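Okay, structure first, notes after.
The values are calculated or read from the model by the stated rules, or taken from the named source; none is laboratory data. Because the structure is predicted, anything quoted here is derived from the model rather than measured. No Cβ is skipped: glycine too gets one built from the backbone with ideal geometry, and neighbour counts run over all protein chains shown.
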Amino acid sequence: MTKPVYTAIAFAPVQGFIEKSRKLRDLYGSSYLLSYLSWVICNDAKNKGCEIVSPGLPNITQGMPNQIVIQGNYEEEDAKFALNQAWECVTDTCREWIEKEINDGWEYKFWQRDWGLWTKYAWEFFWVQGEFEGDPGQGINGVRQRMNEKKRGRDWTGINWQGESSTLSGADAIAYPRLSYDPKEGESAREKAYEPKKYNYQIEKATVNKFYEQLKEKLGESFIDPNEQLSIPELIKRLITHEVITKNLKLSLEKKFSNATELVEQLAQVSRELNPRTFKDLSRQDEEKYWTCWFQGDGDKAGDYLLKYPEKTNEFSKMMRRWGKKFQNENKSPFCRVIYAGGDDFLGVFYDAKEGRELKPKYCVNQFSKFKSEIWNRPEENPKPITASVGFVWAAPGIPQRDVLQHCREAEKSAKNNGRDRIAFRVLFNNGNYLEWVCPWWLLEQGLLSSYSDREGKQNWTHIYNDVAVLESRHAFDDKSNDVALALLEIYFSKPIVDIFEEKSNWLHSEGADLTVVRAGILGDRKSYYQDDTEEIDCTKVTKALNDWIINLAKVGFHLCQQ
């Protein structure tokens, strides 16, 4: 009897590819491109008679993850060819459009070498395969384990370049026609062009500015700023969201790939949503500055769940992808944009720069007040077998977008490290400092924030904020006692909330607890507070943690919930 064959495929980079983004449209472009590459691989595998185990619903392009599990003998060369062909289709479309439309005396033959390198070496590719006896779950787990081992040995080809660095990432050269300029072909041109004694920075800068000025005139001022000097992959992410580029790419996709209807439609949808004539780009370099709210979330211990129930991989993937599609489609408004929702992980932004208005942080906080019960676990659907942790960042306007994204990731990680099944609220200031407060979903849904009331019966958080400042200056918060912190709760919050804190069993949950069944501890799990090399609780750690939790509640509440 023939053993069933399983294949696993992944490609990288993903997080870095997304984060090197200056504008909101860059995030859309990078998210689309990652989904697009995964879709092409899945489509090619299906055409060769294989079954896609994960991601579920591979016909839905939106939110496709970059890790793929296939049942069947899908050859490495076939998978790599599909990925390379899909990416080449994108790079050629962008390059050819520029060479055709920006034709004011530019000589483009020199930069084609670098475009060729980015076409060939942009992605690190991983492929593993194996025959496995037993039920399908053993095969799925087995091939996943091999993939994890494969990733430990990286196989990366770096692209060398000379010239000025991209102003966005600084990691690669600026894309413009004289990239790799050859002053005299055949004579070690690359070195001579950038020989230190002969290199003229001002001349090259003027040439770059001229090229980007012409791009702006062709694509629109809201689409590209002449001061932006992007690398080839950064420029691709920007171009792929413009309707004039997507029209050309659609034609190319329809010729090369069968069953590409969903793929083409999503591409058209992206270009419609980000049309420069109708879409107000969120650029952190705009003249008008606004605070914005970013959020990033991820399912808790999804890998552990699938390791325990590998036979449910396809079912779980379908459930999460359906949820991701609904979440993204239902959050399209002038105030909220979900950049991607690839199943159990998602990223989005709230903002309102319309007519000079600034979005209030309390509005953003309220959108998460019922997140677990009404969005993550929809009332009309069965509860999910995993919980979710979310990082919420209220970011000052002077912070680069890539730094905001990094704080989103760190806030999400903080929510997980502090017990999971919760949200980490982070207020990020222009100087790089931040305040953070982490709260489990169930306590937030008990109306913790809305139950606040000052001495005048109003929701003016200035009172508790000032009280905390004075008490801290007098060193009133003792690591051996929670009396002062709990007294603050009694003064400013409703009795039901105070009662929750008086019940010490609500403070911590047991190690390894199933948080889909039991409440997450306010301060996290017991293991985090064990004394060294024992399973005894360190009461001093718990006392300090609760004091800090209430102090941070006052500070973050002042910035996010102030009326």
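Filtered by the rule that a residue be touching a residue at least 24 places away in the same chain (Cβ under 8 Å) and not in a loop (DSSP other than H, G, I, E, B), the stretch 459-483 gives THR462, HIS463, ILE464, TYR465, ASP467, VAL468, GLU472.
Is it true that some residue in the stretch 339-357 is modelled with pLDDT under 80, of a type in the set (D, E, K, R), more than 21 Å from MET147 (Cβ to Cβ) and surrounded by 15 or more Cβ atoms within 10 Å (Cβ to Cβ)? Show your work before the answer.
As a first pass, look at the stretch 339-357 and keep what is modelled with pLDDT under 80: 342-343, 351-357.
Now restrict to residues that are of a type in the set (D, E, K, R): 352, 354-355, 357.
Next, from what is left, pick out any that are more than 21 Å from MET147 (Cβ to Cβ): 352, 354-355, 357.
Checking which are surrounded by 15 or more Cβ atoms within 10 Å (Cβ to Cβ) leaves us with 352.
Yes: the stretch 339-357 contains one or more residues that are modelled with pLDDT under 80, of a type in the set (D, E, K, R), more than 21 Å from MET147 (Cβ to Cβ) and surrounded by 15 or more Cβ atoms within 10 Å (Cβ to Cβ).
The residue that is nearest to LYS120 (Cα to Cα), counting only those in the stretch 64-87 that are hydrophobic (A, V, I, L, M, F, W, C) and in a helix (DSSP H, G or I), is TRP87.
Scanning the stretch 43-57 for residues that are surrounded by fewer than 24 Cβ atoms within 10 Å (Cβ to Cβ) and in a helix (DSSP H, G or I) gives ASN43, ASP44, LYS46, ASN47.
The residue of the stretch 374-383 that is farthest from GLU315 (Cα to Cα), among those that are of a type outside the set (A, V, I, L, M) and surrounded by fewer than 21 Cβ atoms within 10 Å (Cβ to Cβ), is GLU374.
Is one or more of the residues making up the stretch 420-431 modelled with pLDDT under 95 and not assigned by TED's automatic domain parsing to the domain that holds PHE558? Don't jump to the end; show me each part of the working.
Kept after step one, since they are modelled with pLDDT under 95, are these residues of the stretch 420-431: 430-431.
Of the ones still in play, those that are also not assigned by TED's automatic domain parsing to the domain that holds PHE558 are 430-431.
There is at least one residue in the stretch 420-431 that is modelled with pLDDT under 95 and not assigned by TED's automatic domain parsing to the domain that holds PHE558.
On inspection, CYS94 passes the criterion of being in the same structural domain as ASN148 (by TED's automatic domain parsing) and crowded, with 22+ Cβ neighbours inside 10 Å.
Test GLY134 against the criterion of being among the small types (Gly, Ala, Ser) and on the phi < 0 side of the Ramachandran plot, and give yes or no. Explain how you work it out, then say what you get.
Numbers: among the small types (Gly, Ala, Ser): yes; on the phi < 0 side of the Ramachandran plot: no.
Here the answer is no, as GLY134 does not meet what is asked.
Figure legend. Inter-residue proximity from the stretch 548-563: first residues in the same structural domain as TYR465 (by TED's automatic domain parsing) and over 15 Å from ASN366 (Cα atoms), second residues outside any helix (DSSP H, G or I) and basic (Lys, Arg), beta-carbon distance below 8 Å, spacing 6+ or different chains. No pairs are indicated. Only one of the numbered conditions (1) more than 26 Å from the chain's Cα centre (by Cα); (2) acidic (Asp, Glu); (3) in a helix (DSSP H, G or I) is violated by GLU410, and that is (1).
VAL14 falls short on exactly one of the conditions (1) under 27 Å from ALA302 (Cβ atoms); (2) touching a residue at least 60 places away in the same chain (Cβ under 8 Å); (3) among the β-branched types (Val, Ile, Thr), and that condition is (2).
Residues considered: CYS89, CYS50. Of these, the only one that is under 26 Å from the mean Cα position of the chain (by Cα), in the same structural domain as PHE126 (by TED's automatic domain parsing) and not charged (D, E, K, R) is CYS89. Can you spot a residue in the stretch 65-75 that is of a type in the set (Asp, Glu) and at pLDDT 95 or above? Yes, the stretch 65-75 contains at least one residue that is of a type in the set (Asp, Glu) and at pLDDT 95 or above. Residues in the stretch 385-404 that are surrounded by 21 or more Cβ atoms within 10 Å (Cβ to Cβ), out of contact with any His (no Cβ under 9 Å at 6 or more places or on another chain) and either modelled with pLDDT of 95 or more or under 30 Å from TYR529 (Cα atoms) (or both): ILE386, THR387, ALA388, SER389, VAL390, PHE392. Scanning the stretch 371-398 for residues that are out of contact with any Ser or Thr (no Cβ under 9 Å at 6 or more places or on another chain), hydrophobic (A, V, I, L, M, F, W, C) and over 17 Å from CYS293 (Cβ atoms) yields one hit, ALA388.
Of all residues in the stretch 510-527, those that are closer than 16 Å to PRO440 by Cα and not in a loop (DSSP other than H, G, I, E, B) total 2.
Give the residue, chosen from CYS293, CYS336, that is outside the structural domain of LEU251 (by TED's automatic domain parsing), under 25 Å from VAL404 (Cβ atoms) and modelled with pLDDT under 85.
Numbers: CYS293 fails: modelled with pLDDT under 85.
None of the other options fit; the residue is CYS336.
Within the stretch 424-455, being within 24 Å of ILE500 (Cα to Cα) and part of a loop (DSSP other than H, G, I, E, B) holds for GLN446, GLY447, LEU448, LEU449, SER450, SER451, TYR452, SER453, ASP454, ARG455.
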